[in-house]
1. Under a point spin-label approximation (7 Å from Cα along Cα-to-Cβ), what is the HIS82-ASP10 distance to one decimal in nm?
2. Check GLY59: other-chain or 5+ apart residues with amide H under 5 Å from its amide H, H built from backbone geometry?
3. Which number do you get for Rg(Cα) / (2.2 N^0.38 Å) in region 66-114?
4. Roughly what would the spin-label model give for ASP155 and ASN25, points 7 Å off Cα along C-beta, in nm?
5. So, in region 4-171, how many Lys pairs have Cα atoms under 18 Å apart, if the pair is 8 or more places apart or on different chains?
6. Compute the orientation-averaged projected area for the chain from the convex hull of its Cα atoms and round it to one decimal in nm².
Amino acid sequence: MDRIEIVQGDITKMETDAIVNAANNTLLGGGGVDGAIHRAAGPGLLEECRKLGGCETGGAKITKGYNLPAKYVIHTVGPVWHGGVTGEDELLASCYKNSLKLAVEHGIKTIAFPSISTGAYRFPVDRAARIAVREIVNFLKNDGNIEKVYIVCFDKRTREAYEKALEEIEKGG
Ligand code: ADP
C-alpha cells in the first residue's frame, strides 16, 4: 500500500494539502497536537474555529491552515478511552472515515493524520493503530482521489505501533 506512509515527526511541519487535528468537542484548542497546531497556525485558526460551534466525537470539520504549510486543517474529535465499552473503537474509526470523506469533498490529495486519541485521551496505541490503518486502507481501496496519506507519529513507540499494524494488514490479517 504505497499510498500510506508512516513517519515520525511534527505534524505542523507537513507540507500536505491538509493536516488532521486531534481536537476536542469545543474546537477551541487544547494541549498536545491541538495546541501545537494552533500555535503554528496563528490566531486566525482559533477565530475560524469559534464560528464552527464545536464538533461531536467521531465527527470532522474543516478550516483553512493559516500560517501552516498545509492549506487546510481537518479537526476531528477522538473518543476518550473508557476501557473500550463505550463505543470507542467505532468512534475512532469514524474520525478517520469522516476526515477522509471531508478531504475528498475539498479536493485534497495529500493528508497527514496524527495518532488520534492515544495521548491525553488514553486510547491504547496498538489498538488505535490497527483501527486507523484498517480504516485508511479500506477508504483508499474505494477512492481514487486521495494520493497519499501520512500518519505522523510523534515518538518511536507510536511509530512502531503503526508500522506493525500496517505490516499486519498488508500480510492480509
Ligand atoms: P488526544 O487528546 O486525541 O489523545 P493528544 O494530542 O493528547 O490527542 O495526543 C495524540 C498524539 O499526538 C500523541 O501520540 C501525541 O504524542 C501526538 N502529538 C503531540 N504533538 C504532536 C505534533 N506536534 N505532531 C504530531 N503528533 C503530536
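Bear in mind these aren't lab numbers, they're just calculated from the coordinates by the rules spelled out. Remember, it's a predicted structure, so these values are computed and weren't measured experimentally. Positions of Cβ are backbone-derived with ideal geometry, glycine not excepted, and every protein chain shown enters the neighbour counts.
1. 3.6
2. The list, which skips near neighbours in sequence, is VAL77.
3. Values: Rg = 13.0 Å, N = 49, 2.2 N^0.38 = 9.7 Å.
Taking N as the residue count of region 66-114, the ratio is 1.35.
4. According to this spin-label approximation, the distance is 2.7 nm.
5. For region 4-171, the number of qualifying lysine pairs is 26.
6. On the way: hull surface 35.3 nm².
If I average the Cα hull's projected area over directions, I get 8.8 nm².
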